[in-house]
Amino acid sequence: MTGEALILEVIKDHIESASILYERYSKRLYDYFVKISFDRELSNDMLQSTFLRMIKYRHSFKKDGSFQAWIFQIARNVFADELKTRKISTSENVDVYNMEYPGNHMVFRGA
């Protein structure tokens, strides 16, 4: 099943499908968080927060949208919230809202 099909199952309250999404996306999200926060422990916390928000806000997923884009938007929001509540040092002041995620790797626009 695709990420989109799995999140639609989660929306129908088949929460067990969330564990499959976690298995598929947790490494990419964790790597993203480590790259922008330089903190493995914080990255684990943000990873958990991302999936908790995914479940909490599952009904906001647009049925014709990309699950990967949606989950990384949640991840960017989690990181932005961390920036607001903690003083996180980022290299070159990474603009977390100006990133793309084609395939399995990140591309910074304008870099």
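Please specify each residue of segment 1-35 satisfying the condition of being in contact with a Phe, Trp or Tyr (Cβ under 6 Å, 6 or more places away or on another chain) and of a type outside the set (D, E, K, R). Within segment 1-35, G3, I7, Y22 qualify. Being of a type outside the set (D, E, K, R), touching an Asp or Glu at 6+ places or on another chain (Cβ under 8 Å) and surrounded by 14 or more Cβ atoms within 10 Å (Cβ to Cβ) holds for only one residue in L21, L42, L8, L29, and it is L42. Among residues of segment 47-71 that are surrounded by 15 or more Cβ atoms within 10 Å (Cβ to Cβ), those with a beta-carbon under 8 Å from a residue that is of a type in the set (K, R) and not in a helix (DSSP H, G or I) at least six positions away or on a different chain give the pairs W70/K62.
With respect to the conditions (1) modelled with pLDDT under 95; (2) over 28 Å from A5 (Cβ atoms); (3) over 14 Å from the mean Cα position of the chain (by Cα), I36 falls short on a single one, namely (3). Scanning segment 56-71 for residues that are within 12 Å of the chain's Cα centre (by Cα) and not polar (S, T, N, Q) returns F67, A69, W70, I71. Checking every residue in segment 67-76 against the condition of being in contact with a strand residue (DSSP E or B) (Cβ under 8 Å, 6 or more places away or on another chain) and of a type in the set (K, R) gives at least one match.
The values are calculated or read from the model by the stated rules, or taken from the named source; none is laboratory data. Nothing here was measured: the structure is a model prediction, and the numbers come from that model. Cβ sites come from the backbone with ideal geometry, for glycine too, and all protein chains shown count toward neighbours.
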